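The structure under discussion appears below in the form of structure tokens.
The values are calculated or read from the model by the stated rules, or taken from the named source; none is laboratory data. This structure is a prediction, so every number in the text was calculated from the model and none was measured. Glycine also receives a Cβ, built like all others from the backbone with ideal geometry; neighbour counts cover every protein chain displayed. Just the protein is used for accessible areas: all its heavy atoms, side chains included, with ligands, DNA and RNA removed. Shrake-Rupley method; radii C 1.70, N 1.55, O 1.52, S 1.80 Å.
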Amino acid sequence: MEGFVATVPFTILFLPFFGMVLIALAGPYVPRLGAAIVGNLSVLGSFVLTAVLASYVWSLPPDQQVLTLKYPPAWATHPAYWAHIPPLTISFELRIDPLALMWMLIITGVGFLIHLYSIGYMQESKWYRTFFAYMNLFVFAMLMLVMAGNFLWLLVGWAGVGLASYLLIGFDADRMAAVLAARKALIMNVIGDVGIMVAIFLMYAHFGSLSYKVVFANVTSAGTSALDWIGIWLLVGAVAKSAQLPLHTWLPDAMEGPTPVSALIHAATMVTAGVYLIARAHPIYDHAPAAAMTVAVIGCASAFVAATIGMAQYDIKRVLAYSTMSQIGYMILAVGVGAYAAGTFHFVTHAFFKALLFMAAGIIIHNLGGEQDIRKMGGLAKRMPFAFLTFLIGTLAISGFFPFAGFFSKDAILDELQLLGHPWLWAFGSITALLTAYYMFRLVFMTFFTGAYRGDHEPHADRSPTMEVPVAILAVLATIGGWLVLPGHDEMSRLLQGAFGDRGILPTMGEINWFVTGVTTFSAAAGLVIAWWLYERAPQLRRRLATMFAPVQRVLANAYYIDTIYHWLFEVPTLTAASDIAKYVDPEGVGGVIAGVARTTTGLGDAMRGWETGYLRRYGLGMVVGMVLVLAYYIFVVHGGAAVGMR
Amino acid sequence: MLINTVIFLPLVTALVLLCVPRTASGALKAIALAGAVATFVLSLTFMSLGVSTVADFTAPWIAGPWSAAYHVRVDALRLFFVLLTTLVSAVCVWAAFSYAQATRLRGFLFLLLTFETTLLGLFTAADLLLFYIYWDLMLIPVFLILSGYAGSDDARKAAWGYLIYNGAGGLVLLLGIIGLVNQTHTFEVSGLVPNLSGALSWWLFGAFAFAFAVKTPAFPFHSWMPATYTQSPPPLVAMVSGVQSKAGLFGLLAFALPLFPDAAHVWAPLLLVMAIASILYGALAAIGARDMKLLVAYSSLSHLGLVWLAFFAFSITSVSAGILMLISHGLIAAALFLLLGFIEERVGTRDLGAVGGLSQHAPRLAAYMLVAAMAALGLPGLSGFAGEFLILIGTWQTQPLYTSLALIAVVLACVYMLVLFQSLMHGPERLPRGAGPIELRPREMWLVAPLLAAIVFLGVWPGWLNDRTPNAVTAQPPAVSTTVGRHA
């Protein structure tokens, strides 16, 4: 078993990486399909191995489910470290535990399905092979993020997924909108990286190590206020990566990337890294009440705000983007109040139904020749029954209807909010559930019903099995994925027990709180009914309301003008200062003043002009002679030749 | 003798070139490249010495009360500066083949190789007089290439700016050295155990620091840099920014900090402000720059400002990480300037606004640029991050306020590197009329590849370098008197 445990995690981690290298090296010498196959198989291989590893780890007793792997192993005669400036030592280390495994299963599993889907979806792309190389890079970096055994390697993965996200958002590099969206995403993510760096600096100052093991074991040796600060700075990273307030504005723009990218990176996996980070650092948040409360409030606010914006958007992918931000808000809220298992559970179900929604939407967009505006859709239920059915399942799941996956996980979060004594957070969570059902069914009605098709070009109905099979699998998972937690049988908490100890088994996950469940179900149903009423039954009423609340509508449609505010608050001043420095201050100010002083005081300018007519050789010779003369002056004149022994 | 062979092999190669007819360009190229590569390979043998021994060579030179010796050495501190020099020089000699008219190639190669010897001499000098001589000799090849081979009036002006500014710096350094030797009566570092009054050592350290700040350069002594960096032919600017810009910071570590530890502490508050000013001012200027080489020049100002911060925050971690950062910056700056040189050569302009969408025609060029730009941006996993992160984790412990300010530049670096990369590579295609094929040629790919490989290697495993520079820095704050362990 020793060898198995030592090699399998590395294989899981590096398979997608080698897949990428292979695709990159083979380049145009292999057919396009070859690159796709390499990409798919490498991720599938990782998934299979992860499943094997997971079944092994979960067969161990809960208190032995944390495996730490160091490279090179302890018995090696030549230890190697990532950095080694004593007393600072940073090792190459991985940590496999139930939390990491849960993420690894989703990353490689859903990642594989999306790779499969991409075979057909990206068919017309000029950079087909590159796409798979980037996707593999993403899977590798994301695995690094969750498998890391210390905060340094977490940061490497963290920034690596940022890079992959950047590359894939800007994948259509000739479109300026995509290029700018990619730039914005990377810059905001780097702000998050800096947050994590500061947290790391603080941790190093307090614990002398970046290793999870050391930091978490000594957490109580630092004071509460220190832990609060570490928690806050980690939160900055989480907020940037998970598109939470106030660093969320890159996510809607990120929809410029191809749809499989939106499904994999900007819905199912990368954007949930913030949830992972906070769950991973739970020993810190357990002892940092103020930081944990901040996490919860930011999650709750993001869930609510994003849902309100989602009600007023017309781009199908943007609605889904805001719904992602909102659902991640739930997860952040959950881990903020200490409901780690519930947050992780919602991550799992969300990965299923949100990847499903994006990929179903992708089929629609694909068949409409790239159209994303729902005002130009309508009546597609009959024309694209498969997309309709799967999208509907996804919508039912995200809205929290029994027995779909989202019902169980959202209910678990809201249950725990009640139980842990956060009535206000619970109330906002429940209202958000209503808004979610409303904007999602608004999307369904506008896309698939509301009379006839409104678009310009006739939709074609390509059907490709590589696209439909993964969508169908996800539809099944989005239906049954929530059954991990059934009354009296809480599989999720059992699986996570090894990672969170007692915190994993909050009593409510397997119990039914009829009040909460009733409110949640009622909210979802109310959202559905309102959307149906306004879009199917009484469009006149909708138009009347729209005119009545036009200013509100405008604010929501513009996402509270946060982008505009940031533009004037940060972008304009920085760019103005920068271009003024480059254009005026540096050439004329700093440089000009010094050159001017030199010219006027020494007359060097005139001297130079005369010299420039001479030969280059003379310049060089003159300089050497000058230097020698100066040197000689000091040696012979000042010191009377004593320096060279001439007494 | 190995050490002298390494130092003078480039010069000997250069002299051999003079015996070859100007027109035999094939022979000239072969000899120059063979010499530069041989130097690099020979310098690699220093690695086999292990970390506990040093290569050392001493010969008596000037006797008497102001004694000096020809004393050169390669130790933990110097090793990687030597390797950086030989690697970047070999790459630049190869790159130089396409940057001079056939008839002038010989002179160009001659000067580049001479430049390499002066750099190697500087980084191995263990005697202040020797150090100073190389310090000034370095100026000559740069000046001659800049004024003679770039072929424009702007370049000639830049050459004079470079010479005057750095000459002034050298003069001040000379005054400092004389002031010191006047007390100690020897240029030999091992004999330099100064017992100076506070005021005198304050003045002397100031003189050293001024010269080093000009050479690096650091704000506000950088005004020679924009013209020099933009006007130089790519192989030269790669060597100046990649290697020569490390001379000042090397001088601090090897001489100024161990010689005047107390004065360094007195000066530190001012120099820390200078460091932060370089970091932020350089980053902002880079964002505003519309000239691609100028952008990278300003980014150098910012990145090397970080090393000043590292040295004057007086934390062991950050001083040691500063060495890593210097090596890493040398590789990244050389790679970036060479790649930008290839682009300028093809499109005939340095204006970022005039070029765009190159990646569509040149995926390999785009991939190379991506690695170099991401390394400069500080992407974890590449060497730029390793240097930056390890510096900041150290400075945070002693100077949290300045470290916070420096972190702003991490975000700004992301902005300017993306502006550079995306303006050139992405967006709608924009090409000046008559531009030739854009994609990298095999020779160009091979010559930049070693730099990128080193960038990746040091990013994945900076500990490898840490373990080979263990005693380079053994400073214990607050006293830095043993900064260079082996010299004390």
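Residue pairs whose Cβ atoms lie under 9 Å apart, separated by 6 or more positions or on different chains, with the first residue in segment B:395-413 and without any contact (Cβ under 8 Å) to a residue 12 or more places away in the chain and over 24 Å from residue B:375 (Cβ atoms) and the second among the aliphatic types (A, V, I, L, M) and open to solvent by 50 Å² or more (accessible area, probe 1.4 Å), are B:400/A:205.
Residue count for segment B:393-403, restricted to those that are more than 7 Å from chain A (Cβ to nearest Cβ), part of a helix (DSSP H, G or I) and either at pLDDT 95 or above or open to solvent by 10 Å² or more (accessible area, probe 1.4 Å) (or both): 4. Just checking, which of B:232, B:223 is crowded, with 24+ Cβ neighbours inside 10 Å and either hydroxyl-bearing (Ser, Thr, Tyr) or modelled with pLDDT of 90 or more (or both)? Going through B:232, B:223 in turn, just one is crowded, with 24+ Cβ neighbours inside 10 Å and either hydroxyl-bearing (Ser, Thr, Tyr) or modelled with pLDDT of 90 or more (or both): B:232. Of all residues in segment B:272-295, none are touching a Cys at 6+ places or on another chain (Cβ under 9 Å) and over 28 Å from residue A:571 (Cβ atoms).
Against the numbered list (1) in contact with a Phe, Trp or Tyr (Cβ under 9 Å, 6 or more places away or on another chain); (2) within 14 Å of another protein chain (Cβ to nearest Cβ); (3) open to solvent by 10 Å² or more (accessible area, probe 1.4 Å), residue B:68 comes up short only at (3). Can you tell me which residue among A:199, A:185, A:159 is surrounded by 24 or more Cβ atoms within 10 Å (Cβ to Cβ), at pLDDT 90 or above, of a type in the set (Gly, Ala, Ser) and touching a Pro at 6+ places or on another chain (Cβ under 7 Å)? None of the others qualify; the one that does is A:159. Considering each residue of segment A:65-73 in turn, at least one proves to be within 29 Å of residue A:200 (Cβ to Cβ) and among the charged types (D, E, K, R). Pairing residues of segment A:571-592 that are under 16 Å from residue B:297 (Cβ atoms) with residues that are modelled with pLDDT under 85 and not β-branched (Val, Ile, Thr), at Cβ distances under 7 Å and at least 6 apart in sequence or on separate chains, gives A:590/B:220; A:590/B:223; A:591/B:223.
Residues in segment A:381-395 include none that are more than 21 Å from residue A:463 (Cβ to Cβ) and part of a loop (DSSP other than H, G, I, E, B). For segment B:121-157, taking the residues that are hydroxyl-bearing (Ser, Thr, Tyr) and open to solvent by 30 Å² or more (accessible area, probe 1.4 Å), the one that is farthest from the other protein chains (Cβ to nearest Cβ) is identified as B:152.
Looking only at segment B:353-379, how many residues end up being touching a strand residue (DSSP E or B) at 6+ places or on another chain (Cβ under 8 Å) and either closer than 14 Å to residue A:159 by Cβ or within 11 Å of chain A (Cβ to nearest Cβ) (or both)? Adding up the residues that qualify gives 2. The one condition from (1) assigned to a helix (DSSP H, G or I); (2) farther than 22 Å from residue A:304 by Cα that residue A:438 does not meet is (2).
Taken over segment A:296-335, the criterion of being among the small types (Gly, Ala, Ser), open to solvent by less than 10 Å² (accessible area, probe 1.4 Å) and in a helix (DSSP H, G or I) is satisfied by A:296, A:299, A:302, A:303, A:306, A:307, A:310, A:321, A:323, A:326, A:329, A:334.
Exactly one residue among A:21, A:48, A:52, A:38 is in contact (Cβ under 8 Å) with a residue 60 or more places away in the chain, β-branched (Val, Ile, Thr), in the same structural domain as residue A:123 (by TED's automatic domain parsing) and not in a strand (DSSP E or B), and that residue is A:38.
Among the residues here, residue A:165 does not qualify as away from every other protein chain (no Cβ under 13 Å), part of a helix (DSSP H, G or I) and among the hydroxyl-bearing types (Ser, Thr, Tyr). Do we find a residue being open to solvent by 10 Å² or more (accessible area, probe 1.4 Å), closer than 22 Å to residue A:382 by Cα and either assigned to a helix (DSSP H, G or I) or modelled with pLDDT of 90 or more (or both) anywhere in segment A:446-454? Looking through segment A:446-454, at least one residue is open to solvent by 10 Å² or more (accessible area, probe 1.4 Å), closer than 22 Å to residue A:382 by Cα and either assigned to a helix (DSSP H, G or I) or modelled with pLDDT of 90 or more (or both).
At the interface with chain A (Cβ under 8 Å from one of its Cβ atoms), farther than 18 Å from residue A:575 by Cα, assigned to a helix (DSSP H, G or I) and of a type in the set (Gly, Ala, Ser): is that true of residue B:406 in this structure?
Answer is no for this residue.
Restricting segment B:97-111 to residues that are modelled with pLDDT of 90 or more and of a type in the set (A, V, I, L, M) leaves a set whose member that is surrounded by the most Cβ atoms within 10 Å (Cβ to Cβ) is B:109.
Within segment B:328-352, the set of residues being under 28 Å from residue B:83 (Cα atoms) and within 14 Å of chain A (Cβ to nearest Cβ) comprises just one member, B:328. Restricting the first member to segment A:401-427 and to residues that are in the same structural domain as residue A:523 (by TED's automatic domain parsing), and the second to residues that are assigned to a loop (DSSP other than H, G, I, E, B) and open to solvent by less than 10 Å² (accessible area, probe 1.4 Å), the beta-carbon pairs closer than 6 Å and six or more apart or on different chains are A:406/A:400; A:407/A:400; A:410/A:400; A:416/A:339.
Do you know which residues across segment A:212-242 are more than 27 Å from residue A:265 (Cα to Cα) and either open to solvent by less than 20 Å² (accessible area, probe 1.4 Å) or not assigned by TED's automatic domain parsing to the domain that holds residue A:83 (or both)? Across segment A:212-242, the qualifying residues are A:215, A:219, A:222, A:226, A:227. Of all the residues in segment A:1-43, those that are under 18 Å from residue A:110 (Cβ atoms) and open to solvent by less than 50 Å² (accessible area, probe 1.4 Å) number 9.
Is it fair to say residue A:191 is assigned to a helix (DSSP H, G or I) and in contact with a Phe, Trp or Tyr (Cβ under 8 Å, 6 or more places away or on another chain)?
no
Only residues that are at the interface with another protein chain (Cβ under 10 Å from one of its Cβ atoms), among the hydrophobic types (A, V, I, L, M, F, W, C) and either closer than 12 Å to residue B:418 by Cβ or free of Cβ contacts under 8 Å to residues at least 60 places away in the same chain (or both) were counted across segment A:168-187, and they come to 7.
With respect to the stated conditions, residue A:436 fails to be crowded, with 22+ Cβ neighbours inside 10 Å and more than 24 Å from the chain's Cα centre (by Cα).
Give segment A:54-90 a look and list any residue that's more than 30 Å from residue B:464 (Cβ to Cβ), of a type in the set (A, V, I, L, M, F, W, C) and either touching a Lys or Arg at 6+ places or on another chain (Cβ under 6 Å) or crowded, with 18+ Cβ neighbours inside 10 Å (or both), or say none.
Matches in segment A:54-90: A:54, A:57.
Across segment A:93-150, the qualifying residues are those that are part of a strand (DSSP E or B) and not small (Gly, Ala, Ser), and the one among them that is surrounded by the fewest Cβ atoms within 10 Å (Cβ to Cβ) is A:93.
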